Amino acid sequence: MPGDILLNVQEVFGEVMPTIRIPTPLRPYTGGQSEVAVSGNTVGDALADLTRQHPDLRPHLFEGDSLRSFVNIYLNQEDVRYLEGAETAVSDNDTLLIIPSIAGGKGGV
């Protein structure tokens, strides 16, 4: 599995990096990877590295230079909007989660 390969590379080379978990609908833009190791000291840096590694993912996350309003980013279960947003610090063992908002359904129930 791609996630297993990522962890094995980190173990072999002794490299620990923040990871970003990719939701299933966005995995086609990361080559099927469910997690991507990234570099950076902030959430913004980590997302920039993610989109450098996987440029096809950028239009699904960003509109211009701003994160799309329906894309939510969590750092270790905490919504970064309630922390310091893109300036929230990340460390080597942190996990970022991309959670796209889901809308729709049938009204008038």
Keeping to the range 62-75, report how many residues are under 17 Å from residue 87 (Cα atoms) and either surrounded by 15 or more Cβ atoms within 10 Å (Cβ to Cβ) or of a type in the set (D, E, K, R) (or both). 9
Residue check, residue 83 against (1) more than 12 Å from the chain's Cα centre (by Cα); (2) at pLDDT below 95, all met but one. Which one? (2)
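Just the residues that are closer than 21 Å to residue 101 by Cα and of a type outside the set (Gly, Ala, Ser), please, taken from the range 30-53. Steps first, please.
Taking the range 30-53 first, the residues closer than 21 Å to residue 101 by Cα are 30, 32-36, 43-44, 46-48, 50-51.
Answer for the range 30-53, where residues must be closer than 21 Å to residue 101 by Cα and of a type outside the set (Gly, Ala, Ser): 30, 33, 35, 36, 43, 47, 50, 51.
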Condition first: within 15 Å of residue 36 (Cα to Cα) and of a type in the set (Gly, Ala, Ser). Now tell me which residues in the range 46-90 satisfy that. 46, 48
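The values are calculated or read from the model by the stated rules, or taken from the named source; none is laboratory data. This structure is a prediction, so every number in the text was calculated from the model and none was measured. Reconstructed Cβ throughout: ideal geometry from the backbone, glycine too, with neighbour counts over all protein chains shown.
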